[in-house]
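Written out below as structure tokens is the structure these notes cover.
The values are calculated or read from the model by the stated rules, or taken from the named source; none is laboratory data. Keep in mind the model is a prediction, meaning the values are calculated, not measured. Cβ coordinates were reconstructed from backbone atoms using ideal geometry, including for glycine residues, and neighbour counts include every protein chain displayed. These accessible areas exclude ligands, DNA and RNA; they are computed on the full protein's heavy atoms, side chains included. Shrake-Rupley method; radii C 1.70, N 1.55, O 1.52, S 1.80 Å.
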Amino acid sequence: MAAAPAAAAARGALPGRLSVLAWGLALWCLCGAGPLWSGSHEWKKLILTQHWPPTVCKEVNSCRDTLDYWTIHGLWPDKAEDCNQSWHFNLNEIQDLLLDMKIYWPDVIHPSSNRSRFWKHEWDKHGTCAAQLDALNSEKKYFGKSLDLYKQLDLNSILLKFGIKPSINYYQLADFKDALTRIYGVVPKIQCLLPEQGEKVQTVGQIELCFTKEDFHLRNCTEPDEQLSSNREAWPAMGTSTHGMMVCEDGPVFYPPPAKTQH
């Protein structure tokens, strides 16, 4: 007769044991998940990407402004994107940077008054991955460091120093490469728009310079046995681009002057 009460007691204890088991399993899964940026979110270098607004405008056939200086496209960890979808962009975090952001990191396509749409895209896609570094582990640090590196490179002044300025006449791609390599000591990655129908040459649009992950020192973007990737980031929700930028081929290139803004 004692077996029946014992079985009942065991059945009564079962829900509690299952609860403990479920909690333990959940804890094990959480701990076993590892760091947020493990596996496919690992990266080795940072790519500071600057683009030429007149070429961007040509690519998308739509612009808010016409600017006459190179601006920031983004600071991109290689081989990592969208590392934390729960870490949402908050414009209030970079209020102290907005003056410089609007000048050096403008969204030349979208007419938003504070232009934060572009910055949100860059933070969501790249900033959340860069944040694995203590030096970049907040919006303010990420955008602030990007601005610092942009000013440190001073690409606009370097090109002008070598007499490379927007012109209706063509340059050779080597003119850009030689000038930048001489100053920075590393080989830049330069991207162009392919010639459209009726055009003869490619159009310079984007320049990438890479930094070490450890101490933000300039380094080559590719290793000797690594091929240059022709991929480039698309503009967020900008509509269809018919061409896209590719790594420039050796030969003549067009460095377009800004179009006059129409009012």
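Observations, loosely collected:
- Residue in the stretch 109-126 that is at pLDDT 95 or above and more than 15 Å from the chain's Cα centre (by Cα) present: no
- Candidates 98, 160, 147, filtered to the one that is out of contact with any Gly (no Cβ under 9 Å at 6 or more places or on another chain) and open to solvent by 50 Å² or more (accessible area, probe 1.4 Å): 160
- When each of 179, 174 is tested for being assigned to a helix (DSSP H, G or I) and either at positive phi or surrounded by fewer than 16 Cβ atoms within 10 Å (Cβ to Cβ) (or both), the lone residue that passes is 174.
Per-residue answers, yes or no, for (1) at pLDDT below 95; (2) in a loop (DSSP other than H, G, I, E, B):
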{"position": "183", "(1), (2)": "no, no"}
{"position": "191", "(1), (2)": "no, no"}
{"position": "197", "(1), (2)": "yes, yes"}
{"position": "200", "(1), (2)": "yes, yes"}
{"position": "203", "(1), (2)": "no, no"}
{"position": "208", "(1), (2)": "no, no"}
{"position": "216", "(1), (2)": "no, yes"}
{"position": "224", "(1), (2)": "yes, yes"}
{"position": "229", "(1), (2)": "yes, yes"}
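- Taking (1) within 23 Å of residue 255 (Cα to Cα); (2) touching a residue at least 12 places away in the same chain (Cβ under 8 Å) in turn, residue 149 satisfies each apart from (1).
- Residue list for the stretch 54-77, restricted to those being modelled with pLDDT under 90 and among the charged types (D, E, K, R): 58, 59, 64, 65
- Residue check for residue 103: open to solvent by 40 Å² or more (accessible area, probe 1.4 Å), of a type in the set (A, V, I, L, M, F, W, C) and either assigned to a helix (DSSP H, G or I) or under 24 Å from residue 69 (Cβ atoms) (or both): yes
- Filter result (more than 15 Å from the chain's Cα centre (by Cα) and of a type in the set (D, E, K, R)) within the stretch 201-222: 214, 215, 219
- Any hit, the stretch 53-73, residues being among the hydroxyl-bearing types (Ser, Thr, Tyr), in contact with a helix residue (DSSP H, G or I) (Cβ under 7 Å, 6 or more places away or on another chain) and part of a loop (DSSP other than H, G, I, E, B): yes
- Scan of the stretch 105-158 for residues that are hydroxyl-bearing (Ser, Thr, Tyr), over 22 Å from residue 57 (Cα atoms) and touching a Phe, Trp or Tyr at 6+ places or on another chain (Cβ under 9 Å), ordered by number: 128, 142, 146
- Conditions (1) open to solvent by 30 Å² or more (accessible area, probe 1.4 Å); (2) under 21 Å from residue 69 (Cβ atoms): number failed by residue 93: (2)
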